[in-house]
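Some notes on the structure that comes next.
The values are calculated or read from the model by the stated rules, or taken from the named source; none is laboratory data. Bear in mind that the values here come from a model prediction, so they are computed numbers and not experimental data. No Cβ is skipped: glycine too gets one built from the backbone with ideal geometry, and neighbour counts run over all protein chains shown. Just so you know, the surface numbers come from the protein's heavy atoms only, side chains and all, with ligands and any DNA or RNA stripped out. Shrake-Rupley method; radii C 1.70, N 1.55, O 1.52, S 1.80 Å.
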Amino acid sequence: MRYFVTGGAGYVGAHACKALAGAGHEVVVFDNLSTGHREAVKWGDLVVGDLLDRECIKRAIEDTRPDGVLHFAALAYVGESVHRPDLYYRTNIAGTQNLLDAMRLADVTRIVVSSTCATYGTPAEMPISETTPQVPVNPYGRTKLVMETMLRDYCSAFGFGAIALRYFNAAGADTAGEIGEDHTPETHLIPLVLQAAAGLLPNVKIFGNDYPTADGTAVRDYVHVTDLADAHVKALDICASGHFKAFNLGAGIGTSVMDICMAAERVTGQKIYIEMVPCRAGDPPILYADPALAATELGWTPRQSDLDTILATAWAWMQSAHPGAGKGRRTDHADSQAEHMN
Ligand code: UDP
C-alpha cells in the first residue's frame with residue numbers, strides 16, 4: 001500500500017513512517033518543515049508543502065494517489081494555543097479540512113489522525129476510557145475535538161473511514177537510534193529532565209508539588225513513541241468505510257513528575273537537580289488511560305512503554321545528538337531527591 005503522511009518529518013510522524021516502511025508500505029511525507037526536520041524523513045519521498053495551501057495539498061494527493069492518509073501535521077503546544085488560538089484553529093481545523101477535501105476529490109477515504117487526551121480536559125474519574133466525556137480545557141484540546149467531530153461527519157456523509165488515536169504522553173526514541181524527539185523550544189518533561197542529566201540545563205523545574213497525588217507532583221501516562229507508531233499501522237488496517245472510531249493510546253500507568261526524575265537519575269547515572277516552581281496553568285493533576293479498547297479492537301498493546309525503555313532510548317538519542325552529554329558529570333545522586341524535596 002502507499003500511504004500519504006502529513007507531518008511525517010515530526011516526532012511521532014517520523015516514527016510512524018519507519019513503522020509503515022517496516023510493514024512493507026510505501027510512504028510519501030507532506031510537511032511544511034515548520035517544526036519537523038528534513039533529516040527525519042528517511043523512509044519515503046518528501047513533499048514540502050502547507051496544508052493551508054489548498055492547491056498544494058490537492059496536487060500532492062492527486063499526484064500520490066495514496067491508499068490512505070496518516071495525518072500528524074498540527075500545532076500541539078497547550079500554552080501557545082491559549083495565547084494564539086487563531087493559529088491553532090487555522091492549522092488544526094482549516095488545515096485538516098483542506099486535507100479531507102483534497103482526499104474527497106481524489107477518492108481517498110481512509111484516514112488515521114493524531115488526537116489527544118487533551119480532548120478530555122480534567123475528567124473526574126480515572127482511568128480515562130473512550131466514553132469519558134470530552135470537555136477540553138484549552139484551545140489545543142478544543143481544536144482536536146472539532147477535528148474529530150468533522151471526521152465523524154465526513155464518515156457519515158462521504159463514506160470516509162476514519163480513526164482518531166488519542167495519545168497520552170508520547171515519549172522515548174527509536175530503539176535503533178535513527179530518530180528521536182527534537183523540539184525547539186523544548187517544553188516536554190522527559191527531554192528536559194535528560195537535558196538536566198546531560199548538564200545542558202542547570203536543573204529541572206517541577207511544576208507544582210501540592211497536587212493530590214502520592215508525592216504531590218502531577219501524574220501522566222507516558223507511552224513510547226514506537227508503540228504509538230505501531231498503533232497507526234494497525235489502525236490503517238481496520239479503517240472501515242462510513243465509520244469513525246477513536247482509541248486511547250496510553251500505557252495505562254500513572255507516573256509522577258518525581259518518579260520520572262528519580263528513574264532518570266537511575267537510568268543515566270547522573271545527578272539531576274530539581275527546583276520546585278508553581279503549577280503550570282491548565283495542567284490537570286492526574287491523567288492516565290484505560291487502553292483496553294485498543295487492545296481488544298486494534299490488537300494493540302504497548303511493548304516498549306516501561307519507564308526504563310522510554311528513558312534509555314531517549315537518553316541514547318540525546319547523547320547521539322549532543323556527543324559528550326553527561327560525560328564527566330557527578331554521579332553521586334543517592335541523596336539528591338531527599339535534598340531537593342525539602
Ligand atoms: N512538567 C514539569 N516541568 C517541566 C515540564 C513539564 O514539571 O519543565 C510537568 C507538567 O506540568 C506535566 C508533566 O510534567 O505534569 C508532563 O508535561 P509535558 O509538557 O511533558 O506533557 P503534557 O502532559 O503537558 O502534554
I need the phi-derived Karplus couplings for segment 65-71: 6.51 cos²θ - 1.76 cosθ + 1.60, θ = phi - 60°, integer Hz, Gly and Pro marked x. 6, x, 7, x, 10, 10, 10
Mind checking the full-extension length gain between D306 and D67? Use 0.36 nm per residue of separation minus the Cα-Cα distance, one decimal, nm. 82.7 nm
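Take the alpha carbon gyration tensor of segment 154-217, find the square roots of its eigenvalues, order them as a ≥ b ≥ c, and report rounded if a/c is under 1.5; if not, report prolate when a/b exceeds b/c, else oblate. Before the final figure, lay out each step's value.
Working: a/c = 3.19, a/b = 1.64, b/c = 1.95.
Verdict is oblate for segment 154-217.
Seen from all sides and averaged, what is the projected area of the convex hull of the Cα atoms in segment 243-322, in nm²? Don't skip to the answer; put the middle values down first.
On the way: hull surface 31.8 nm².
For segment 243-322, averaging the hull's shadow over all directions gives 7.9 nm².
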Going by accessible area, probe 1.4 Å, with all protein chains left in place, what is the ranking of F30, F72, largest first? F72, F30
Near the amide H of T116, under 5 Å away, which other amide H atoms are found, from residues 5 or more places off or on another chain, if H is placed in the peptide plane? Y167
Quarter of the surface of the C-alpha convex hull for segment 31-87, i.e. direction-averaged projected area in nm², equals 4.8 nm²
Which value in nm describes the separation of the simple spin-label points at S34 and D107, placed 7 Å from the Cα toward the beta carbon? 3.3 nm
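How many times 2.2 N^0.38 Å is the alpha carbon radius of gyration of segment 58-124?
On the way: Rg = 14.3 Å, N = 67, 2.2 N^0.38 = 10.9 Å.
The reported ratio for this selection is 1.31.
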The answer for A73, listing residues at least 5 apart or on another chain whose modeled amide H is closer than 5 Å to its amide H, is T6, G7
Per the Debye formula with a single identical scatterer at each Cα and no solvent contribution, what log10 I(q)/I(0) holds for the chain at q = 0.06, 0.08, 0.10, 0.12 Å⁻¹? -0.21, -0.37, -0.58, -0.83
Once both axes come from the Cα atoms, what is the angle between helix 257-268 and the longest principal axis of the chain, in degrees from 0 to 90, rounded to 10? 80 degrees
Whole-Å semi-axes of segment 175-281's equivalent ellipsoid, largest first, each the root of 5 times a Cα gyration tensor eigenvalue? 31, 18, 12
Can you give the Rg/Rh ratio of segment 23-153, where Rg is from the C-alpha atoms and Rh is the Kirkwood radius? 0.99
Need the full-extension length gain, E55 to V82, defined as separation in residues times 0.36 nm minus the C-alpha distance. One decimal, nm. 6.7 nm
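For the chain, give the share of DSSP beta bridges that are antiparallel, in percent and rounded to the nearest 5; count only bridges with both residues there.
Values: 2 of 40 bridges.
Once the DSSP bridges in the chain are tallied, antiparallel ones form about 5 percent.
Divide by every residue of the chain the summed helix terms, -39500 (n - 2.57) for each DSSP H run of at least 4, and state the resulting mean residue ellipticity at 222 nm, rounded to the nearest 500 deg cm²/dmol.
Rounded to the nearest 500, it is -10500 deg cm²/dmol.
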Modelling each spin label as a point 7 Å along the Cα-to-Cβ direction, I'd like the M276/E186 distance in nm, to one decimal. 2.5 nm
Taking segment 90-175 as the region of interest, what is the percent of Cα-Cα pairs per 10 angstrom bin, listed from the shortest bin to the one with the maximum distance? 16, 44, 29, 11, 0
Taking N as its residue count, the alpha carbon Rg of segment 88-136 over 2.2 N^0.38 Å: 1.51
Rounded to one decimal in nm, the spacing of the 7 Å Cα→Cβ label points at T296 and E26 is 3.9 nm
Lys pairs in the chain, Cα-Cα under 22 Å, at least 8 apart or on separate chains: how many? 8
Going by accessible area, probe 1.4 Å, with all protein chains left in place, what is the ranking of H224, H25, largest first? H25, H224
